[in-house]
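*Asks:* Shown below is the structure under consideration.
The values are calculated or read from the model by the stated rules, or taken from the named source; none is laboratory data. All figures in this text were calculated on a predicted structure; none of them were measured in a lab. All Cβ positions, even for glycine, are placed from backbone atoms using ideal geometry, and neighbour counts span all protein chains on display.
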Amino acid sequence: MASTLWVGTRKGAFALRADARRNRWKLAGPQFLGHIVHHIVQDPREPKVLLMAAKTGHLGPTVFRSEDRGRTWREALQPPAFRKAAEGEVARAVQRVFWLTPGHPSQSGTWYAGSSPAGLFRSEDGGVRWQPVAGFNDHPMRPQWVRFGTPDGEFLHSILIDPRDSRHLYVAVSIGGIFESTDGGADWTPLNEGVEADFLPDPAAPFGHDPHCVALHPLMPDRLYHQNHCGLYRLDRPGRRWIRVGKAMPKKVGDVGFPIVLHPMDADGAWVFPMDGRTVWPRTAIDGKPAVYRTRDAGATWRRLDRGLPKSQAWFTVLRQAMCTDQHARTGLYFGTTGGDVWASRNEGESWRGIARHLPEIYSVTHAG
């Protein structure tokens, strides 16, 4: 099985391609040098197709499409944009196209995109033309759901589709919370019960939360995991209350980070990359000693995995889109750092080695077959 990692960075896109045994990796690129690349995603329905979310210098945010596995790209004819503001209404403009998700397997050509400020967009022609999803963007409760952003802005991310039902969607907003639709995006309800929010006047508020990343397991779609500004959670539907499984993490490590990645063949398996979440929020590896933590029992216990990683003085972290798995029988695990390095494991995180160095700050790492 071929393995390609697409790496989106603050200064362009890179590709890492491996031999069949994933022993040797070859770095290609950059493409779009100098452009901010937030996300690059392969279409599982058409593997030759890739979409890229980018901010192209002074030309602004857009989406690019490739039909030849990333050799050439064409810009969307109609990039994601909010509807025109009515008279007397405050206008909204997309500042970044931040997240991309292919639609349901039954919906060839359908894609979703999340933006900053928080907006949801849909394309039904493979990413060439995009339309705003009015059910979320113009929901009467949206001004209350999304009242303020993170220090880096306001983002809609983690767009998830139930593989059993194309009309069942989840999205996350930083800061706003997790929201669910059961009618294809026409209406939405908050899904944040049990999530702590120590930065809010009411820590148990139904919205106003800061989810960092949410993941749904494809083989067990009623199970979701969630890395939050205030901890690490699991939800088993049809329940609506999240359980803070991060309490099982070592107290000196805590349960704050950006990414959470699920084992592709095991709904009880997941990996996270904790970061220093103390009061001043350094957002670096804890004590400069980076490590991945893995659970094999749905969050009941966690184990540190750091063999091969720097032992000290490594002050980076891993952003929410910058960690992924591959589809090999022995699952490979990969992450890119804010320091510009890419790390790989062929044995589910038991040992690590660097496969790329000195890239620009890495925003995303995704696997393409």
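*Asks:* Would you check if Thr301 is modelled with pLDDT of 95 or more and polar (S, T, N, Q)?
*Replies:* Values: modelled with pLDDT of 95 or more: yes; polar (S, T, N, Q): yes.
For Thr301, the condition - modelled with pLDDT of 95 or more and polar (S, T, N, Q) - is met.
*Asks:* Turning to a different aspect of this structure: Among the residues that make up the stretch 83-91, is at least one of them touching a strand residue (DSSP E or B) at 6+ places or on another chain (Cβ under 7 Å) and either closer than 30 Å to Arg283 by Cβ or not in a loop (DSSP other than H, G, I, E, B) (or both)?
*Replies:* No: the stretch 83-91 contains no residue that is touching a strand residue (DSSP E or B) at 6+ places or on another chain (Cβ under 7 Å) and either closer than 30 Å to Arg283 by Cβ or not in a loop (DSSP other than H, G, I, E, B) (or both).
*Asks:* State all residues of the stretch 224-283 that are touching a helix residue (DSSP H, G or I) at 6+ places or on another chain (Cβ under 7 Å) and among the small types (Gly, Ala, Ser); if no residue qualifies, say none.
*Replies:* Gly231
*Asks:* May I pose another question? Go through the stretch 268-283 and give me each residue that's of a type outside the set (D, E, K, R) and either surrounded by fewer than 17 Cβ atoms within 10 Å (Cβ to Cβ) or over 18 Å from the mean Cα position of the chain (by Cα) (or both).
*Replies:* Filtering the stretch 268-283 down to residues of a type outside the set (D, E, K, R) leaves 269-275, 277, 279-282.
Answer for the stretch 268-283, where residues must be of a type outside the set (D, E, K, R) and either surrounded by fewer than 17 Cβ atoms within 10 Å (Cβ to Cβ) or over 18 Å from the mean Cα position of the chain (by Cα) (or both): Gly277, Thr279, Val280, Trp281, Pro282.
*Asks:* Let me ask something additional. Being modelled with pLDDT under 95, surrounded by fewer than 19 Cβ atoms within 10 Å (Cβ to Cβ) and outside any strand (DSSP E or B) narrows it down to one of Lys311, Lys251, so name that one.
*Replies:* One residue alone meets the criteria, Lys251.
*Asks:* Considering (1) without any contact (Cβ under 8 Å) to a residue 40 or more places away in the chain; (2) in a loop (DSSP other than H, G, I, E, B); (3) of a type in the set (A, V, I, L, M, F, W, C), say which one Trp343 fails and leave the rest.
*Replies:* All conditions are met except number (2).
*Asks:* State whether one or more residues within the stretch 38-53 are farther than 24 Å from Pro163 by Cβ, surrounded by fewer than 21 Cβ atoms within 10 Å (Cβ to Cβ) and of a type outside the set (Val, Ile, Thr).
*Replies:* no
*Asks:* Could you please let me know if Arg164 is farther than 16 Å from Leu224 by Cβ and of a type in the set (Lys, Arg)?
*Replies:* Numbers: farther than 16 Å from Leu224 by Cβ: no; of a type in the set (Lys, Arg): yes.
Spelling it out, it is not the case that Arg164 is farther than 16 Å from Leu224 by Cβ and of a type in the set (Lys, Arg).
*Asks:* Output the residues belonging to the stretch 16-65 that are under 22 Å from Phe155 (Cβ atoms) and among the aliphatic types (A, V, I, L, M).
*Replies:* Ile36, Val37, Ile40, Val41, Leu50, Leu51, Met52, Ala53, Ala54, Leu59, Val63, listed by residue number.
*Asks:* If Val128 passes every condition in (1) out of contact with any Asp or Glu (no Cβ under 9 Å at 6 or more places or on another chain); (2) buried (at least 24 other Cβ atoms within 10 Å of the Cβ) but one, which one does it miss?
*Replies:* (2)
*Asks:* Tell me, which residue of the stretch 268-292 that is at pLDDT 95 or above, small (Gly, Ala, Ser) and assigned to a loop (DSSP other than H, G, I, E, B) is nearest to Trp352 (Cα to Cα)?
*Replies:* Ala291
*Asks:* Okay, next question. Considering only residues that are hydroxyl-bearing (Ser, Thr, Tyr) and either assigned to a strand (DSSP E or B) or surrounded by 20 or more Cβ atoms within 10 Å (Cβ to Cβ) (or both), which ones fall in the stretch 60-78? Even if it seems obvious, please write down each step before you answer.
*Replies:* Going residue by residue through the stretch 60-78, those that are hydroxyl-bearing (Ser, Thr, Tyr) are 62, 66, 72.
Within the stretch 60-78, Thr62, Ser66 meet the criteria.
*Asks:* Let me ask something else. Hey, does the stretch 92-105 have a residue that's in contact with a Gly (Cβ under 9 Å, 6 or more places away or on another chain), of a type in the set (A, V, I, L, M) and either modelled with pLDDT under 95 or surrounded by fewer than 19 Cβ atoms within 10 Å (Cβ to Cβ) (or both)?
*Replies:* Yes, because at least one residue in the stretch 92-105 is in contact with a Gly (Cβ under 9 Å, 6 or more places away or on another chain), of a type in the set (A, V, I, L, M) and either modelled with pLDDT under 95 or surrounded by fewer than 19 Cβ atoms within 10 Å (Cβ to Cβ) (or both).
*Asks:* Restricting to the stretch 24-59, name every residue that is over 28 Å from Ser108 (Cα atoms) and either part of a loop (DSSP other than H, G, I, E, B) or of a type in the set (Ser, Thr, Tyr) (or both).
*Replies:* Residues satisfying the conditions are Arg24, Leu33, Gly34, His35.
*Asks:* Separate question: Do we have any residue at all in the stretch 194-207 that's in a strand (DSSP E or B), over 18 Å from Arg92 (Cβ atoms), more than 15 Å from the chain's Cα centre (by Cα) and at pLDDT 95 or above? Lay out the reasoning, then the answer.
*Replies:* Within the stretch 194-207, the subset in a strand (DSSP E or B) is none.
No, every residue in the stretch 194-207 fails to be in a strand (DSSP E or B), over 18 Å from Arg92 (Cβ atoms), more than 15 Å from the chain's Cα centre (by Cα) and at pLDDT 95 or above.
*Asks:* I've got another one for you. Within the stretch 226-238, does at least one residue satisfy the condition of being polar (S, T, N, Q), in a strand (DSSP E or B), touching a residue at least 12 places away in the same chain (Cβ under 8 Å) and over 16 Å from Thr101 (Cβ atoms)?
*Replies:* The answer is yes, given that some residue of the stretch 226-238 is polar (S, T, N, Q), in a strand (DSSP E or B), touching a residue at least 12 places away in the same chain (Cβ under 8 Å) and over 16 Å from Thr101 (Cβ atoms).
*Asks:* With touching a Cys at 6+ places or on another chain (Cβ under 6 Å), closer than 25 Å to Lys11 by Cα and of a type in the set (S, T, N, Q) as the only criterion, which of Thr325, Thr284, Thr366 stands out?
*Replies:* Thr366
*Asks:* Are any residues in the stretch 173-212 of a type in the set (Val, Ile, Thr) and surrounded by 21 or more Cβ atoms within 10 Å (Cβ to Cβ), and if so, which ones?
*Replies:* Val173, Ile175, Ile178, Val195
*Asks:* Also: Pairs needed: first member in the stretch 4-29, touching a residue at least 12 places away in the same chain (Cβ under 8 Å) and farther than 16 Å from Arg346 by Cβ; second member anywhere, of a type in the set (Ser, Thr, Tyr) and not in a loop (DSSP other than H, G, I, E, B); C-beta distance under 7 Å; at least 6 residues apart or different chains.
*Replies:* Trp6/Thr366; Gly8/Tyr363; Gly8/Ser364; Thr9/Tyr363; Arg10/Tyr363; Ala15/Thr4
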